[in-house]
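Scroll down for the structure; my scribbles are underneath it.
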Amino acid sequence: MKQPKISVIIPVYNSQAYLRECLDSVVNQTMEDIEIICVDDGSTDASARLLRSFQDEDMRLRVLLREHCGAGPARNAGIEAAEGRYITFLDSDDIFAPQALACLYETAEKYAAELVLCSGRNFRTGRRGMEENSLFLNPMYLPASNPYSAETNSHYLFQFTSSASWGKLYRKAFLDRWNIRFPSLPRTEDVPFSRFAMAAAERIAYTTDLLVFHRVDNPNSLETNKDAAPLTPFRAHQILWERLAEACLLEPLRRSLLNYFCSCYCYNYRSLQTDAARRAFRECFQKTAVPCFGIDFSDSAFFYNHSEYRELKELAEAI
């Protein structure tokens, strides 16, 4: 069979409420030369049955069944099974614009890119309006050059876009050459994957077209309950830091990376709901993150966002 242009990898876990809308957006893409790999991560609802019904109707869709291990290992299983020239990810409650894959592919081929970024919007179930999300492509930092790389834009490499694995297209050979895979973490498993890919890619291209729509009101999303694993961001950052150091990619990116870490800490700390989680986070930040990454609050000019600088400085000095 002819090699698919793109492999779409969708981890699925108890997503029956949103899965049909997600899959409809993929099977109805204007680009037909694709494969769709759905990794059912031990769902206990009707997700597996719905996947089988789609598989019966569309031979491009494959279903991989596995015991529940989390989104990271599920995506890794999809990567290993993928046969496409490029890989992209979609969460099972998100949706693609109809032309998303065609646009991502054309951008990758035009610029011979190993990684392609796109723009998108947030949405809420049942609402027609879309909300802006500058984390897809941040206009404040987006480079004028297209394509770009860590070598040409080292100061703001990690400020251009979010760490989410979705909203991006990766060349499969590039992922395999660098052995870029997801760690097994309760959440934030995207961070070591997508951020290392940004650092290692020699050519990163982007399109400002709105191609991915991210659902923000799924009550089962791990992002809605950070208190269950408040320290996971620190582990994700350690994995990324060590991998960048091993690959000799860390030093030119240190300032951008530490500013990204600090933004993550502010966001995650504000999101915690319980005193216990906030106390554990504060202690880990003081005793692990600050000394491990050498975060120095004596030079305020090092930080891109001065309100975050002040917030974290207080957190570091809190008793």
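Tabulated values for the structure
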quantity: Cα long-axis angle, helix 275-284 against the chain (0 to 90 degrees, to the nearest 10); calculated: 70
quantity: Sequence-distant residues sharing a close amide H with Ile36 (under 5 Å, placed H); calculated: Val8, Leu61, Arg62
quantity: Total lysine pairs under 24 Å (Cα atoms) in the chain, excluding pairs fewer than 8 apart on one chain; calculated: 11
quantity: Helix axis angle, 190-200 relative to the chain longest principal axis, alpha carbon, degrees; calculated: 80
quantity: √(5λ) per eigenvalue of the Cα gyration tensor, the chain, largest first, Å; calculated: 32, 23, 18
quantity: Helix 254-271 vs. the chain, principal-axis angle (Cα, 0 to 90°, nearest 10); calculated: 80
quantity: Percent accessible area from carbon and sulfur atoms, the chain, protein chains only, probe 1.4 Å; calculated: 48
quantity: Per residue value of the accessible surface for the chain (all protein chains in place, 1.4 Å probe), Å²; calculated: 46
quantity: Local electrostatic count, Val191, Cβ distance below 12 Å [Lys/Arg +1, Asp/Glu -1]; calculated: +2
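The values are calculated or read from the model by the stated rules, or taken from the named source; none is laboratory data. All values derive from a computational prediction rather than experimental measurement. Here the Cβ is made from the backbone with ideal geometry for all residues, glycine too, and neighbour counts use every protein chain on show. To get the accessible areas, we keep the full protein, side chains included, count just its heavy atoms, and leave off ligands, DNA and RNA. Shrake-Rupley method; radii C 1.70, N 1.55, O 1.52, S 1.80 Å.
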